[in-house]
1. Kindly indicate whether residue 288 is surrounded by fewer than 21 Cβ atoms within 10 Å (Cβ to Cβ) and in contact (Cβ under 8 Å) with a residue 60 or more places away in the chain.
2. Can you spot a residue in the range 112-129 that is touching a helix residue (DSSP H, G or I) at 6+ places or on another chain (Cβ under 9 Å), surrounded by fewer than 18 Cβ atoms within 10 Å (Cβ to Cβ) and modelled with pLDDT of 80 or more?
3. Considering only the range 1-80, give the helices (runs of 4 or more DSSP H) lying wholly within it that have at least 3 residues that are buried (at least 22 other Cβ atoms within 10 Å of the Cβ), in contact with a helix residue (DSSP H, G or I) (Cβ under 6 Å, 6 or more places away or on another chain) and modelled with pLDDT under 80.
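The values are calculated or read from the model by the stated rules, or taken from the named source; none is laboratory data. This is a predicted model, so every value here is computed, not measured. When we count neighbours, we look across all protein chains shown, and the Cβ atoms used for this are built from the backbone with ideal geometry, even at glycine.
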């Protein structure tokens with residue numbers, strides 16, 4: 001193993017450890033935090049508001065931290081201390097209090113935790129930018145996140161069935177501490193601004209293809225609003241146990257891991273935009289199946305297998321597109337825009353609309369709205385592809 005290969009291997013496992021710990025924390029929160037909030041006496045609407053606020057903070061946080069990371073070039077410092085601040089801010093969740101207290105605690109938590117993915121992704125992009133096998137390496141790194149997620153979901157379901165959902169915040173604190181510790185393993189990546197073309201984030205965002213792309217990202221996350229907010233509650237209402245709920249979450253992540261490990265060949269053959277378009281059509285099918293057939297475990301299983309497309313394919317295609325459009329010093333802000341527009345705007349709207357539809361019309365209508373949003377997102381991707389071809393044709397003509 002050459003010195004460069006050994007260094008890349010060391011950097012990869014350290015980044016992999018960070019992704020594993022971060023998404024292991026998500027494995028405690030995504031399926032089980034709504035159930036914990038319900039045990040604290042919050043109503044379905046209040047749970048929806050808390051989760052919508054958590055998404056809404058992704059509008060503010062990523063842009064703040066992304067701007068600071070690009071302007072100061074101290075990405076790893078920001079990653080480390082926002083991880084520590086997240087841990088400290090979550091600790092008061094153990095104190096008694098109702099909706100207002102929980103809302104305030106999670107507001108503080110999400111101010112800091114929203115730095116983790118955009119800054120972490122920009123550090124990863126800096127490591128992979130000059131690597132011809134970057135798509136394959138990125139997929140393997142993100143697979144570690146999926147492995148962390150799946151491990152905790154599987155372990156936590158039986159634990160909470162046995163000990164009670166009241167242990168959820170204690171498990172969350174342990175994993176937040178582990179996630180913070182992994183950030184101190186990562187070194188500051190090399191600064192590649194000299195090798196990357198200078199990009200104005202404001203001018204890039206003014207391009208129609210970029211705006212349509214971010215619109216599609218917002219619609220995909222909007223489509224997941226009902227899923228991330230109410231999927232566990234929905235299955236519990238249908239009579240599934242916490243262990244069964246955890247298994248259904250895990251099924252999707254298993255196929256997600258398979259895709260992450262093999263995605264290099266798919267991107268080489270089909271390209272990012274074709275895969276992106278396919279992910280939206282499969283998302284429309286997935287949420288229709290959940291809306292109408294979640295009581296049939298076999299069709300619910302099929303719906304969860306489609307998570308490989310609706311998350312893994314969509315996420316990797318989006319991240320690789322962002323890396324191409326926002327290189328060098330624009331990297332963290334490009335990732336921040338993706339998180340804030342997609343997960344902040346789209347996720348907040350999706351959670352709020354899902355809360356309203358859930359209360360007014362029932363779970364099926366909430367998930368059918370997700371299917372409709374995915375179809376709208378497919379159309380936005382088609383516009384992105386058309387405008388991207390036109391931009392490349394114009395660039396080629398100008399160069400000629």
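1. In short, yes.
2. Taking every residue of the range 112-129 in turn, none turns out to be touching a helix residue (DSSP H, G or I) at 6+ places or on another chain (Cβ under 9 Å), surrounded by fewer than 18 Cβ atoms within 10 Å (Cβ to Cβ) and modelled with pLDDT of 80 or more.
3. 44-72
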